[in-house]
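The values are calculated or read from the model by the stated rules, or taken from the named source; none is laboratory data. Computed from a predicted structure; not experimentally measured. Note that we place each Cβ from the backbone using ideal geometry, even for glycine, and neighbour counts take in every protein chain shown. Please note that ligands, DNA and RNA were not included when accessible areas were found on the heavy atoms of the full protein model with its side chains. Shrake-Rupley method; radii C 1.70, N 1.55, O 1.52, S 1.80 Å.
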Amino acid sequence: MFSFARRVFPPFPLVSLLALFCRASDSQRITSDKAPQKCRLGNFGESCHQLEQEWFKIQLAHDWDKMRQLLGDDFQLIESDGRLGDRDSMIAGYKEEAPSVATISMTLLVSHAVSNDTVVATGLDDISLRQRDGSISHRYERFTDVWILRNNQWVCVAEQITLAHPQ
């Protein structure tokens, strides 16, 4: 099967496409110890960059209607354990975890403007959770989000999450 997949989808075009994507993209890093610099992605990239930062405010406010608007109808999620989800399952997970979430912060954000209507954002989140005994634990998640412009509104259509360690 592996050799069949390599013949049908040889790695060279994929690597070439990835290299082209990386060369064509512009990025900015945000770290928690200094204020974000002005993004050089153009209006389309700046919008998604700001939406990534607003995501936590929406989540912490438990504004599930606004979260539904942020995520596309066709949103696809790949959880850190490999499970697949959609917009409804993601919001259900947020609702379930909401009582234990103390804080959420983004310690890294890199946005890549692929075109005027597509942005890929990657980053690292620090989620502080209250335990039953009152102590606080941290869960670190690396993410990749894909944003597209639909009907003059940016929506996230895909997210992949990987559990991580702090930087």
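Quick notes on this structure:
- Filtering Asp65, Asp145 for residues that are under 22 Å from Ser47 (Cα atoms), surrounded by 13 or more Cβ atoms within 10 Å (Cβ to Cβ) and among the acidic types (Asp, Glu) leaves a single hit, Asp145.
- Wholly enclosed helices (runs of 4 or more DSSP H) of segment 39-158 bearing at least 2 residues basic (Lys, Arg): 64-70, 87-97
- Filtered residues of segment 96-116 (kept if loosely packed, with under 13 Cβ neighbours inside 10 Å and touching a helix residue (DSSP H, G or I) at 6+ places or on another chain (Cβ under 7 Å)): Asn116
- Restricting the first member to segment 86-112 and to residues that are under 21 Å from Ser47 (Cβ atoms) and among the polar types (S, T, N, Q), and the second to residues that are open to solvent by 30 Å² or more (accessible area, probe 1.4 Å) and in a helix (DSSP H, G or I), the beta-carbon pairs closer than 9 Å and six or more apart or on different chains are Ser111/Glu46.
- Look at segment 46-72: where a residue is polar (S, T, N, Q) and a partner is surrounded by 14 or more Cβ atoms within 10 Å (Cβ to Cβ), sitting 6+ places away or on another chain with Cβ atoms under 6 Å, you get Ser47/Trp154; Gln59/Tyr94.
- Residue list for segment 117-127, restricted to those being open to solvent by 10 Å² or more (accessible area, probe 1.4 Å) and not β-branched (Val, Ile, Thr): Asp117, Asp125, Asp126
- From the list Gly45, Gly82, the lone residue that is modelled with pLDDT of 50 or more and under 26 Å from Ser100 (Cβ atoms) is Gly82.
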